[in-house]
Amino acid sequence: MTDDKDVLRDVWFGRIPTCFTLYQDEITEREAEPYYLLLPRVSYLTLVTDKVKKHFQKVMRQEDISEIWFEHEGTPLKWHYPIGLLFDLLASSSALPWNITVHFKGFPEKDLLHCPSKDTIEAHFMSCVKEADALKHKSQVINEMQKKDHKQLWMGLHNDRFDQFWAINRKLMEYPAEESGFRYIPFRIYQTTTERPFIQKLFRPVATDGQLHTLGDLLKEVCPSAIAPEDGERKNQVMIHGIEPMLETPLQWLSEHLSYPDNFLHISIIPQPTD
């Protein structure tokens, strides 16, 4: 893995200033003040919102509380999507802080998965890491790790410990010296303009002629609508971690440096802001 540790740190420590407000129809015993938090982009909503939950439960009666869920401007927020992805996809053109509404009733069964405990988040996270390694190394790296290594990956994310996480994750980002990259790049492409949750296909980081594939090559093949026509203006932004990487960036480098902790590149295709 090429060692651009500053990039890894910048990605890990990315934060989104967020204002949580209680939904107006929730029954409270006194007024619920908003709660402000810097959300880590690389984590999951249900992993980092214990304080939010406690804050609002203080003004509510026990019988009025059921499973907590969040929404932004009417869209329920999927807890199993990383926070940075949710923001890029749904709110990147909004002013900060990001406004999130908190609900304790009316769980939207059709839109969200239940998240009964932190174990559920851990199971989802580890399943993504294993899927990514199946694509990158035919599962060889993750299968050679011990149970305690898997636990260290999870605890590094859970406790926001960069060094603890990367001590293990580094192994998942390596490839044999004779190769030019992973077998396939783990990626998912998301668009708000389609019903399909995301696009995911097999795509190699290196072309048959030995040239490194770029982000532009990937988009041309799997999501051509994301790229501007030769003669037209760009209608979309292509975002990873809140930035628009150059389309000439090698996909292998992006996979090593801009993947989320689950080892996937989560790419948002969003309409170009009109202002």
Subject >> Selection status of Lys78, over 16 Å from the mean Cα position of the chain (by Cα), of a type outside the set (A, V, I, L, M) and outside the structural domain of Pro197 (by the TED database) >> reply: no
Original post:
Restricting the search to region 191-205, which residues are among the aromatic types (Phe, Trp, Tyr) and in contact with a helix residue (DSSP H, G or I) (Cβ under 9 Å, 6 or more places away or on another chain)?
Top reply: Phe203
Original post:
Which residues, counting only those in region 216-269, are out of contact with any Asp or Glu (no Cβ under 6 Å at 6 or more places or on another chain), open to solvent by 10 Å² or more (accessible area, probe 1.4 Å) and part of a strand (DSSP E or B)?
Top reply: Asn236, Ile243, Pro250
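Go over the candidates Lys147, Lys171 one by one and state the one that is more than 16 Å from the chain's Cα centre (by Cα) and without any contact (Cβ under 8 Å) to a residue 12 or more places away in the chain. Spell out how you get there, then give the answer.
Working: Lys171 fails: without any contact (Cβ under 8 Å) to a residue 12 or more places away in the chain.
Selected residue: Lys147, the only one of Lys147, Lys171 that is more than 16 Å from the chain's Cα centre (by Cα) and without any contact (Cβ under 8 Å) to a residue 12 or more places away in the chain.
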Original post:
When only residues in region 17-50 that are farther than 24 Å from Lys110 by Cβ and aromatic (Phe, Trp, Tyr) count, which is least open to solvent (accessible area, probe 1.4 Å)?
Top reply: Tyr35
Original post:
Cβ-Cβ below 6 Å, separation at least six or inter-chain, first residue in region 61-81 and within 18 Å of Pro197 (Cβ to Cβ), second at pLDDT below 95 and of a type in the set (Ser, Thr, Tyr): which pairs?
Top reply: Trp79/Thr46
Original post:
Looking at region 51-92, which of its residues are exposed (fewer than 13 other Cβ atoms within 10 Å of the Cβ) and either at pLDDT 90 or above or within 25 Å of Gly242 (Cα to Cα) (or both)?
Top reply: Lys51, Lys54, Glu73, Gly74
Subject >> Members of region 131-182 found to be open to solvent by less than 30 Å² (accessible area, probe 1.4 Å) and of a type in the set (Phe, Trp, Tyr), listed by number >> reply: Trp154, Phe162, Phe165, Phe182
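Results for (1) at pLDDT below 95; (2) among the aliphatic types (A, V, I, L, M); (3) more than 24 Å from Asp10 (Cα to Cα); (4) assigned by the TED database to the domain that holds Ile142, shown as yes or no for each residue.
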position: Asn236; (1), (2), (3), (4): yes, no, yes, no
position: Ile240; (1), (2), (3), (4): no, yes, no, no
position: Tyr260; (1), (2), (3), (4): no, no, no, no
position: Phe264; (1), (2), (3), (4): no, no, no, no
Original post:
Taking region 12-45 as the region of interest, how many residues are modelled with pLDDT of 95 or more, of a type outside the set (Ser, Thr, Tyr) and in contact with a Lys or Arg (Cβ under 8 Å, 6 or more places away or on another chain)?
Top reply: 8
Original post:
How many residues are under 24 Å from Ile142 (Cβ atoms), out of contact with any Lys or Arg (no Cβ under 7 Å at 6 or more places or on another chain) and in contact (Cβ under 8 Å) with a residue 60 or more places away in the chain if we restrict to region 176-205?
Top reply: 7
Original post:
Which condition breaks for Arg41 when tested against (1) out of contact with any Gly (no Cβ under 6 Å at 6 or more places or on another chain); (2) within 30 Å of Leu258 (Cα to Cα); (3) not β-branched (Val, Ile, Thr)?
Top reply: (1)
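So which of Lys105, Lys138 ends up being in contact (Cβ under 8 Å) with a residue 40 or more places away in the chain, of a type outside the set (Asp, Glu) and at positive phi? Show your work before the answer.
Working: Lys105 fails: at positive phi.
Going through Lys105, Lys138 in turn, just one is in contact (Cβ under 8 Å) with a residue 40 or more places away in the chain, of a type outside the set (Asp, Glu) and at positive phi: Lys138.
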Subject >> Which numbered condition Thr208 misses (of (1) in contact (Cβ under 8 Å) with a residue 24 or more places away in the chain; (2) open to solvent by 40 Å² or more (accessible area, probe 1.4 Å); (3) among the β-branched types (Val, Ile, Thr)) >> reply: (1)
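For region 223-232, indicate whether the set of residues that are over 30 Å from Glu144 (Cβ atoms) and touching a helix residue (DSSP H, G or I) at 6+ places or on another chain (Cβ under 6 Å) is non-empty.
Yes, region 223-232 has at least one match.
The values are calculated or read from the model by the stated rules, or taken from the named source; none is laboratory data. A quick note: this is a predicted structure, and the numbers were derived from the prediction, not measured. In this analysis, Cβ positions are derived from the backbone assuming ideal geometry, glycine residues included, and neighbour counts consider all displayed protein chains. Heads up: the accessible areas ignore ligands, DNA and RNA and are worked out on the full protein's heavy atoms, side chains in. Shrake-Rupley method; radii C 1.70, N 1.55, O 1.52, S 1.80 Å.
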